[in-house]
Amino acid sequence: GAVVSQHPSWVICKSGTSVKIECRSLDFQATTMFWYRQFPKQSLMLMATSNEGSKATYEQGVEKDKFLINHASLTLSTLTVTSAHPEDSSFYICSASRSYSGNTIYFGEGSWLTVV
Amino acid sequence: AQRVTQPEKLLSVFKGAPVELKCNYSYSGSPELFWYVQYSRQRLQLLLRHISRESIKGFTADLNKGETSFHLKKPFAQEEDSAMYYCALSRNQGGKLIFGQGTELSVKP
């Protein structure tokens with residue numbers, strides 16, 4: 001079946017540095033991917049919609065200069081957390097929609113970010 | 001405003017007991033509704049979508065537009081059903097989902 005993969009699965013970075021998380025659709029092309037943030041035992045909150053070849057669309061309250069999203073190809077979207085702070089520590093999940101299978105949405109395995 | 005509400009944070013039942021995880025939504029148009037499950041240390045997986053009207057792993061969910069609900073039911077819970085369950089709403093066919101707060105289902109032996 002279709003697979004969405006994220007890398008890295010977990011990352012620890014120092015406060016003030018930037019960290020990049022990749023989201024790949026392994027066996028299908030995804031013109032649109034989505035980035036979510038999830039705190040432990042809480043719901044997923046949509047951060048932004050990543051559009052291939054154009055700017056991402058951010059949800060209200062999400063700082064676009066802090067969470068940079070690039071969707072350079074039909075199989076790759078990246079989320080860069082810039083100048084990370086401890087409060088950015090969270091579980092980041094991406095998803096992609098496979099349009100020709102009834103818009104089935106596939107989720108990545110998630111990436112744990114810890115900022116120390 | 002579009003919203004998905006799961007009133008129960010934790011639902012604990014014994015094996016073999018019936019289970020109902022509640023989900024209510026608010027949406028002005030015709031929503032597409034889903035149930036997703038997240039087992040411990042695994043990725044989110046699609047369990048059900050209302051347009052399919054199917055039963056997966058013994059779970060069913062019926063969209064009640066009058067009550068704006070999409071409750072998830074299973075007549076006999078199994079220990080392996082223990083997981084986080086999320087109700088979600090899609091505003092269009094583009095894949096953007098609005099999630100409920102999630103309900104942790106714990107099935108005790």
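The values are calculated or read from the model by the stated rules, or taken from the named source; none is laboratory data. Owing to the predicted nature of the structure, the values given are computational and were not obtained by experimental measurement. With ideal geometry, Cβ positions are generated from the backbone for all residues, glycine too; neighbour counts draw on all protein chains shown. Quick note on the areas: whole protein, heavy atoms, side chains included, nothing else; ligands and nucleic acids left out. Shrake-Rupley method; radii C 1.70, N 1.55, O 1.52, S 1.80 Å.
List of remarks:
- Of the GluC sites (Glu not before Pro) found in the stretch A:1-105, the ones in coil according to DSSP and having at most 11 other Cβ atoms within 10 Å of their Cβ are A:E63.
- Sum of side-chain charges, B:S90 neighbourhood, beta-carbon under 10 Å (Lys, Arg +1; Asp, Glu -1): +2
- Computed extension length for B:N64-B:E104: 12.1 nm, one decimal, from 0.36 nm per residue of separation with the Cα-Cα distance subtracted.
- Shown here: chain A, whose C-alpha atoms stretch 42, 28, 22 Å along the first, second and third principal axes, sorted largest to smallest.
- Among A:T57, A:T78, A:T104, the largest mean-square fluctuation in a Gaussian network model of chain A (Cα springs under 10 Å) belongs to A:T104.
- The distance from the alpha carbon centre of the stretch A:1-35 to that of the stretch B:23-91 is 26 Å, rounded to a whole number.
- Residues of the protein assembly as shown: accessible area per residue with a 1.4 Å probe, Å²: 50
- Interface residues in the stretch A:1-50 - accessible area drops by 20 Å² or more relative to the isolated chain, probe 1.4 Å: A:F34, A:Y36, A:Q38, A:K41, A:S43, A:L44, A:L46
- Residues in the stretch B:24-60 reached by a label modelled at B:K73 [backbone nitrogen below 12 Å; 7 Å Cα→Cβ]: B:59-60
- Inter-probe distance in nm under a simple model that places probes 7 Å from Cα toward Cβ, at A:F91 and A:T17: 2.4
- Look at the stretch B:30-43: the mean tally of other chain Cβ atoms within 10 Å of its residues' Cβ atoms is 2.
- The local environment of B:V107, defined by Cβ-Cβ distances under 9 Å, has a net charge of -1 under the rule Lys, Arg +1 and Asp, Glu -1.
- The percentage of C-alpha pairs in the protein assembly as shown whose separation is greater than 23 Å is 48%.
- Radius 15 Å from Cβ of B:T68, net charge of other residues (Lys, Arg +1; Asp, Glu -1): +1
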